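The values are calculated or read from the model by the stated rules, or taken from the named source; none is laboratory data. Everything numeric in this text was worked out from a predicted model, so none of it was measured. Every residue, glycine among them, receives a Cβ derived from its backbone with ideal geometry; neighbour counts consider all protein chains shown. These accessible areas exclude ligands, DNA and RNA; they are computed on the full protein's heavy atoms, side chains included. Shrake-Rupley method; radii C 1.70, N 1.55, O 1.52, S 1.80 Å.
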Amino acid sequence: MSALTFTLKYRPDQRVDMSPLVCQKLATLELAEIAALTLQNGKRNIRVDELFRITGFDAQHIVIKNGFNKLDFIGKELEGGKITVEGDAGAYLGLGMKSGEIEVSGNVGLYAACEMKKGFMLVNGNAGDFLGAALPGNKTGMKGGTILVKGNVGERAGDHMRRGNILVEGNAGDYCGSRMTAGTIAVMGQTGRHLGFAMRRGTLLLWNSPQPSARFNDCGTHTLAFLPILFASFKKLNSRFADSSTAFNRVQRYAGDMSEMGRGEILVKLNSE
Amino acid sequence: MIINGVTIDATFAEAFPMKATRAIITAQNEKWAMISAQAMTGFATSVIACGCEAGIERTLEPSETPDGRPGVAIMIFAMGGKGLAKQLETRAGQCVLTSPTSALFAGIDGGTRIALGKNLRYFGDGFQVAKLIDGKRYWRIPVMDGEFLTEATTGQVDAIGGGNFLVLAKSQPQALAACEAAIDEMRKIPNVIMPFPGGVVRSGSKVGSKYAALGASTNDAFCPTLKGMVKTDLSADTESVMEIVIDGLTKEDIAKVMRVGIQAVCALGAENGIERISAGNYGGKLGPFHFHLQEIMA
C-alpha cells in the first residue's frame, strides 16, 4: 500500500503544529478532507495542502518529506501506525504517543517522546534536550516504549522518566536521567555532568565511566543476570545495541542519588576484565 | 490384545481435570539448576497429601533459557488455581530463591497469569528492582550471592491429572526394570510429568477405606500378597505390580506418553517376566478423561 505522504512545499517562517496529522485521525478521512484540515502556523491557520503536496492513501503509514526543525508535535498522541519523517523534526515529536512507531532520518528538537506511553521511536540523528521527559510542571515523563537515538542527546534526557528504554548510541548531555523514577537509559558514548541528578530509581547503563559524583555510592563489581535478557530484547533493533559484541553482564554498580531516595543505579561496563 | 507376549487389558485409565503451570529454573550450571528443581518438586507426588503434584519435565540447553544459562523446566499440577498459585509461590520462595546462583522464569506465556516472583520481591525489603523487558516484568532481588532474578508471573492452564498404567510382572525386580525402561522413554516427551518417586508408584490406591477418616486405601485387587484373601485382579504367578502415573497438559500429551511407556514395557516382553498392562479406574465415576489402553496401543 502506498504511504500517505506529505511533501513540504516550502519552509514557513513560523513554527507549525503538526498534531492533526496522526494515523488515527486521518484513518477515516478522504484525501480532500485531509487537504482541507488546518494547521496552526504561528498565529494563523493554514490548510494542509497549502504547506504540503499530498500523495498516497495509507493513513497507517504517514511519510513527511522535507522535514525541518519547525515542524512541531509530529505524532502527538499517536495510537498505532507509523510516521516516517525524512529530514528533521521540530519540538515535541511523539508527545504522549500511545503506540505505533515514529522514525526520523535527521535530528529532532526539544521534548521528543515527552510523556511517551508506549511504542517505538527511532531518531537517526541527534535529539534535543528533555528527550523522554515530562512537560514542564508535570511529574511523570516517559511511561513506556523504547526510544533509540543513533546520534547524541541533549540535556535532561529521561527527566522524570517512569518506565521504558532510552537507548543512545552517541553521547548524552548534562543531567542525563535527572529525577528519574524508573526505567532504563543506556548510553554508549560519553555522559555529561550531574548524571542521575535527583534520581529516585531506575538504571543508567553506560559503556564509559561517568564523571565521579559524590551523590552516588560505589557498590562494587557484579555479574547481573538481567543484562543478557535486556540485551536480547535489543536484538530486533537496527542498531549497535543489537550487536552481541556490545553486550555485557559485568558491571561496576553505583547507587544513588543519595541526596534523594537513592534506589537508582548507574551500571558501568567493566572494560578491564 | 497381546504385544510381545504381554496382555493389554481391555480397560482404561481414568483421569481428571487439573490446573497446571510450568517454570524454568536456571543456574550457573546444570548441577545447581537441577538441585533447585529437585527441591522445588520435592514432596509433590500426589494431591492427596502434598497439595500438588510436581515434577521435572526436562533439562534445557543454555540456548533454550531466557538468560542463556543451563536450566530445568518443572511443572506443577493442582486441583484448583488457588491451590496451584499457593504451592508455586511457596516452593519458589523456599527452594529457588534460596538456591545458589538460581534464576526463575515463566514456562508458559499464555493462560491465566499467576504470581511467580511477584510477591517474592518483598524479600528484597525495598531494595528490589523491577525491570519490564519486552512486555515481561522481572524482579531483581538482592541476595547474599548477588541478585536473584525472577519473572513476576507465569501462566496457569487447564490440564489433566491421573493418567496411568499398571505393569504386572512375575517378580518385583522385573516389574521395576520394566518401569525404569518406560520412564526413560517417557521423560523424552514434553508437556508431561510422572510425579511419583522416580516416576513409579508401588502403592496404587482405591477410593475409600474401612477406616472412616481415610478417603483412599491400598488397591487390594492388585496386591499380590492378598491374592487368596480378596477378589483379586491378578493371576496366580503375578508377584509384583507397579504403576506409572502421568499428569499432562492435554489429553493428547497423556495418550502419547502412555503409548511410549507401554511400548517400552512391551519391548521387554514376556521373556523378561512382564505379564500384563492394566490401568487404574474408578468405573468412570471419578474423572471425565478415559484413556483406553487398547485404543492407545492400536
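Contact annotation: no residue pair with Cβ atoms under 9 Å, 6 or more positions apart or on different chains, pairs a residue in segment B:184-196 that is outside the structural domain of B:T250 (by TED's automatic domain parsing) and free of Cβ contacts under 8 Å to residues at least 24 places away in the same chain with a partner that is open to solvent by less than 20 Å² (accessible area, probe 1.4 Å) and polar (S, T, N, Q). When the strands (runs of 3 or more DSSP E) confined to segment A:185-266 are screened for residues that are over 18 Å from the mean Cα position of the chain (by Cα), of a type in the set (A, V, I, L, M, F, W, C) and within 13 Å of another protein chain (Cβ to nearest Cβ), those reaching at least 2 such residues are found at A:250-256. With (1) within 26 Å of the chain's Cα centre (by Cα); (2) open to solvent by 30 Å² or more (accessible area, probe 1.4 Å) as the list, and B:A178 as the residue in question, which single condition is left unmet? Only one criterion is unmet by B:A178, namely (2). Each residue in segment B:107-132 was checked for being among the hydrophobic types (A, V, I, L, M, F, W, C) and open to solvent by less than 10 Å² (accessible area, probe 1.4 Å), and 1 pass.
All told, B:F148 falls short of being touching a helix residue (DSSP H, G or I) at 6+ places or on another chain (Cβ under 9 Å), under 30 Å from A:A225 (Cβ atoms) and assigned to a helix (DSSP H, G or I).
All of (1) away from every other protein chain (no Cβ under 14 Å); (2) more than 30 Å from A:G119 (Cα to Cα); (3) touching a Gly at 6+ places or on another chain (Cβ under 8 Å) hold for B:G110 with one exception: (2).
Within the set A:A186, A:A182, A:A172, the sole residue that is farther than 16 Å from A:P210 by Cα and out of contact with any Cys (no Cβ under 9 Å at 6 or more places or on another chain) turns out to be A:A182. Do we find a residue being farther than 23 Å from B:A33 by Cβ, more than 14 Å from every other protein chain (Cβ to nearest Cβ), open to solvent by 10 Å² or more (accessible area, probe 1.4 Å) and in a loop (DSSP other than H, G, I, E, B) anywhere in segment B:98-105? Checked against the condition, which is being farther than 23 Å from B:A33 by Cβ, more than 14 Å from every other protein chain (Cβ to nearest Cβ), open to solvent by 10 Å² or more (accessible area, probe 1.4 Å) and in a loop (DSSP other than H, G, I, E, B), segment B:98-105 yields no hits at all.
Of the numbered conditions (1) of a type in the set (V, I, T); (2) part of a strand (DSSP E or B); (3) without any contact (Cβ under 8 Å) to a residue 40 or more places away in the chain, A:T5 satisfies every one except a single condition; which is it? For A:T5, the exception is condition (3). Of all the criteria given as (1) surrounded by 21 or more Cβ atoms within 10 Å (Cβ to Cβ); (2) closer than 23 Å to B:P17 by Cα, the one not satisfied by B:I277 is (2). Return the residues of segment B:212-260 that are surrounded by fewer than 18 Cβ atoms within 10 Å (Cβ to Cβ), assigned to a strand (DSSP E or B) and not polar (S, T, N, Q); say none if nothing qualifies. If the condition is that a residue be surrounded by fewer than 18 Cβ atoms within 10 Å (Cβ to Cβ), assigned to a strand (DSSP E or B) and not polar (S, T, N, Q), then B:A216 is the only one that fits. Against the test of being buried (at least 21 other Cβ atoms within 10 Å of the Cβ), not in a strand (DSSP E or B) and not β-branched (V, I, T), the options B:A49, B:A15, B:A33, B:A23 yield a single qualifying residue, B:A33. For segment B:118-135, a tally of residues being part of a loop (DSSP other than H, G, I, E, B) and more than 12 Å from chain A (Cβ to nearest Cβ) returns 2. When the criteria are applied in full, B:R91 fails the requirement of being open to solvent by 20 Å² or more (accessible area, probe 1.4 Å), within 30 Å of A:R200 (Cβ to Cβ) and either touching a strand residue (DSSP E or B) at 6+ places or on another chain (Cβ under 7 Å) or more than 14 Å from chain A (Cβ to nearest Cβ) (or both).
When you check B:I141 against the structure, is it within 14 Å of chain A (Cβ to nearest Cβ), modelled with pLDDT of 95 or more and open to solvent by less than 30 Å² (accessible area, probe 1.4 Å), yes or no? Yes: the conditions hold for B:I141. Among the residues of this structure, A:G220 counts as one that is surrounded by fewer than 20 Cβ atoms within 10 Å (Cβ to Cβ), modelled with pLDDT of 95 or more and either under 24 Å from B:P142 (Cα atoms) or in contact with a Cys (Cβ under 6 Å, 6 or more places away or on another chain) (or both). If you go through segment A:1-58 and keep only what is open to solvent by less than 30 Å² (accessible area, probe 1.4 Å) and among the polar types (S, T, N, Q), you end up with A:T5, A:T7, A:S19, A:N41.
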